[in-house]
Amino acid sequence: MSFEHDLLAILPRLRRFAASLSRDRADGDDLCQAALERALKARDQWQPGTRLDSWIYRIMRNLWIDEARARQRAAKTFAPAEAGEHVGHAGDRDIEAHVHLSDVDRAMQALPDEQREAIALVLVEGLSYKEAAAVLGVPMGTLTSRLVRGRGALIELMGEAA
Amino acid sequence: MTDIDEAMLIALVDGELDEVTRRRVDRAVADDPALAERLAMHRRLRERLAGHYAPIAQEPLPDAMRALLEESAKVTPLVRSTPRWRGWAVGGAIAASLVMGLGLGRLTGGEGGPIGLHDGVMVAQGDLAQALDTQLASAQGDAAIRIGLTFQRKGGGWCRSFDGAVAGVACREGEGWQVQQALPGAGQGSAYRQASSSDARVMATVDALIDGAPVDAAGEGAARAKGWR
């Protein structure tokens, strides 16, 4: 069966992963499209018999990290604490109407990248620890500690609603 | 008072504990309301996150992504159909249309093939849908479509692996079956019953989705009786 067909079958999940990493849906789709383009171009590097989805998760994640680093360099003025402050009081905030973010989106965005990607792969995509660690290229222990810290932060950010 | 740490609670929720450790955590949780509350909190968090992003995977794919795949499929050499497909006109036609990336529209019409495309999502239809709905792996004789494993996926919901003209895994979504993966199958009949090259990939998908172990014949029957809810 063709590479394109295999891609089509996993594309909805890839798109979901991109959305969970990104600031908003538009950014998520841009990321997914970019990962798809790169995967098609680099198809010879994929080893048949290994998991195509893991391979593309990895491509996507690397693209996202590159982009996130570039963005961080460009926006040193961003105050990370702010995202946490208005969680739980979202209803009061004008900002919500214009950003259209749910508590979940906002809490995910407030996470450090390394925690967000771990949470996205395991809690959202349902990968096993072993698979997620392989995608991220980190030891299992590193993955699990990121999952513990990331979850703690999410629960704090989302309050009792979690 | 307890040696159960946060990482163990979380691993339990993520389905990553071995049986012995899982029982140990279960026992500790049963004796400790505070621990039970933390466990419940982690379960809610996982459910909430998964539930929040789940609808995205059900949405129609953007045209730009489809176009990219269709364009790519046209310029790369087509996969030649193998003898395995002979005599499998329906499967062959489906496979060919998927391989060529041109059949997206044609598949949606619900015309007899095992897999339809609805809003960019592959869903089982016809015989495949019926096999997933009703067929038990423990009693399938020489049915054209064979059900492999039946299991609960992480985050809840039933999934079943299947093999026939097309092999793969489908998971219950609402009243239907969403096909998670579709590969050329081993076909039917003794001549084609050798292990298909898809097996390893289907198993990898099962491994990725499964929460715990597949159910046995009794579990399979019970799940069917409850309408896969």
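Pick from B:Leu49, B:Leu98: which is at pLDDT below 60, in a helix (DSSP H, G or I) and under 23 Å from the mean Cα position of the chain (by Cα)?
Working: B:Leu49 fails: at pLDDT below 60.
On inspection, the qualifying residue turns out to be B:Leu98.
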By residue number, the members of the range B:198-229 that are farther than 10 Å from B:Gln152 by Cα, charged (D, E, K, R) and not in a helix (DSSP H, G or I) are B:Asp216, B:Lys226, B:Arg229
Tell me whether the range A:103-115 contains one or more residues that are exposed (fewer than 15 other Cβ atoms within 10 Å of the Cβ), modelled with pLDDT of 90 or more and within 14 Å of another protein chain (Cβ to nearest Cβ). no
Restricting the range A:34-53 to residues that are facing another protein chain (nearest Cβ under 7 Å) and open to solvent by 40 Å² or more (accessible area, probe 1.4 Å), which is modelled with the highest pLDDT? A:Glu37
Within the range B:56-75, can you find the residues that are part of a loop (DSSP other than H, G, I, E, B) and facing another protein chain (nearest Cβ under 7 Å)? B:Leu61, B:Pro62
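Hey, among the residues in the range A:58-75 that are assigned to a helix (DSSP H, G or I) and among the aliphatic types (A, V, I, L, M), which one's most open to solvent (accessible area, probe 1.4 Å)?
Checked the range A:58-75; the qualifying residue most open to solvent (accessible area, probe 1.4 Å) is A:Ala74.
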Which of the residues that make up the range A:145-162 are free of Cβ contacts under 8 Å to residues at least 40 places away in the same chain and buried (at least 21 other Cβ atoms within 10 Å of the Cβ)? A:Arg146, A:Leu147, A:Gly150, A:Arg151
Quick one: which of B:Gly156, B:Gly120, B:Gly112, B:Gly91 is over 27 Å from A:Ser20 (Cβ atoms) and at pLDDT 60 or above? B:Gly112
Close pairs from the range B:4-21: first more than 9 Å from chain A (Cβ to nearest Cβ), partner among the acidic types (Asp, Glu), Cβ under 9 Å, at least 6 apart: B:Ile4/B:Asp32; B:Leu12/B:Asp26
Residue ID - nearest to the other protein chains (Cβ to nearest Cβ), chosen from residues in the range A:117-142 that are assigned to a helix (DSSP H, G or I) and hydroxyl-bearing (Ser, Thr, Tyr): A:Tyr129
Any residue at all in the range B:27-38 that's buried (at least 18 other Cβ atoms within 10 Å of the Cβ) and within 14 Å of another protein chain (Cβ to nearest Cβ)? no
Mind listing whichever residues of the range B:173-201 are at pLDDT below 80 and under 17 Å from the mean Cα position of the chain (by Cα)? B:Leu183, B:Pro184, B:Gly185, B:Ser198, B:Asp199, B:Ala200, B:Arg201
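The values are calculated or read from the model by the stated rules, or taken from the named source; none is laboratory data. Keep in mind that this is a model prediction, so the values were computed, not measured. Heads up, the Cβs are rebuilt from the backbone with ideal geometry, glycines too, and the neighbour counts pull from every protein chain shown. Protein only, heavy atoms only, side chains kept; ligands, DNA and RNA dropped before computing areas. Shrake-Rupley method; radii C 1.70, N 1.55, O 1.52, S 1.80 Å.
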